[in-house]
Amino acid sequence: MNKAPGQLKGGSPPEACSDSVCAMLDRVGVPRDSKWRGLILYMRSIKNYDFLDNEQKEQLQALGMEVLKARDFSEAKFQEVIKANERILSAPWNLALTRTLKETAALVQEFQDTLFKHKGGVQKLEKVTVEAVESGGDVERMLGTIRRGFQEMATLIEEDAEKMVAMSLTDSLTGIHNRRSFDNHIERVVARAEAEQRPLSLFMCDIDHFKNFNDQHGHRIGDQALVVVGAILKGFAEEMKQLEDRDIFPARYGGEEFAVALSDIGKEEAEELAEIIRRKIERYNFVIRDPDGQILASGIKINVSIGVAELLVDCPGCGVAHLVDAADKALYLAKSSGRNQVRVYVRP
């Protein structure tokens, strides 16, 4: 993420310095023919870059306003602004990396615990085997004792292996599927939908103003909000499976964003289901408790924005990439249109 402003990809290039813009830059004292002008024009045009989320755009625009108000166009200030710009651009990747490292550390610890547990099992098996051999007596009974010991050990190893696989596909905080599990699932259901010409929809769900929520209540409470949204999505999927045998797959996509894949469901029905989920989350009475479980505040509301898209059946090769991108674009539209709403991707 060390690209110069003019080298950024994913949107239109910075706007030209029109007469009105140039006049404004002159009034605030921005040196002509300097790198400062390119930087400020880039900040003004940041709304055109579709790879940035709303929070990043707001932060970059605020940074641009700070530069104009300060009127400090020194080299030191320029380097300071460039570093701030890089921090804003790299923040989502840093958060994703931190989350991945935490998940990996948890898996490593679980693996170590499993190994130590099996070490004890192996020692017990060795003891049983030695005792059976030393006891003499009937050979068949001795072999039966040893065989049962090995069978018990094999069963424990199989159970732990299944547990490890489940852990690697589960988000440790919310208890729903994680990004790795979602990627595996979406590849599989997209391939099936394309091969069998069946509908498939996806919606991306993002908690509104989550950074402000964290800043106001703290990260521990922010984690509780993520758990609540995850539980609502999981509960809704289980209810739809029981009542209508519908295949709905919710996952934590990253940070405060969730993804929900809906097999055999077109975008019109997916929009209706997304609206039901949005209202469920909006109506939830979020309660803040202290570490001892005492209620500190109640009646706090969590809102989400949701973007819905459907797999294109007349676009060979579009597949997963287009479906996720379309849902992301719809989500961006929902957030830029005021948040706390559902929007559907409309093909150009």
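The values are calculated or read from the model by the stated rules, or taken from the named source; none is laboratory data. It should be emphasised that the depicted structure is a prediction, and the values quoted were computed from it without experimental measurement. Glycine gets a Cβ as well: all are built from the backbone with ideal geometry, and neighbour counts include every protein chain shown. Remember, those area values only see protein heavy atoms, side chains included, never the ligands or the DNA or RNA. Shrake-Rupley method; radii C 1.70, N 1.55, O 1.52, S 1.80 Å.
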* Structure fact -> Length gained if MET24 through ASP247 is fully extended, taking 0.36 nm per residue and subtracting the Cα-Cα distance, is 74.7 nm
* Structure fact -> Compactness summary of segment 167-288: radius of gyration and Dmax from Cα atoms, Å, are 14.8, 49
* segment 249-333: projected area of the alpha-carbon convex hull, averaged over directions, in nm² -> 7.1
* Going 7 Å from the Cα of GLN216 toward and past its Cβ, which residues in segment 290-308 have a backbone nitrogen under 15 Å from where you end up? -> 297-304
* Pairs of Cα atoms under 8 Å, at least six residues apart: use those to get the relative contact order of segment 292-340, whole percent. => 44
* In nm, to one decimal, how far is the modelled label at SER337 from the one at ALA191, with both set 7 Å along Cα→Cβ? -> 3.5
* Asked: Taking the simple approach of a point 7 Å from Cα along Cα-to-Cβ for both PHE78 and MET65, what is their distance in nm?
  -> 2.6
* Which value, in Å² rounded to 10, gives the accessible area of CYS315 with a 1.4 Å probe and all protein chains present? -> 30
* Centroid-to-centroid separation of segment 294-340 and segment 201-235 [C-alpha atoms, Å] -> 14
* For labels at LEU296 and SER172 in the simple 7 Å Cα→Cβ model, what's the distance in nm? -> 2.3
* Structure fact -> Heavy-atom accessible area of LEU311, protein chains in place, probe 1.4 angstrom, given in Å² to nearest 10, is 10
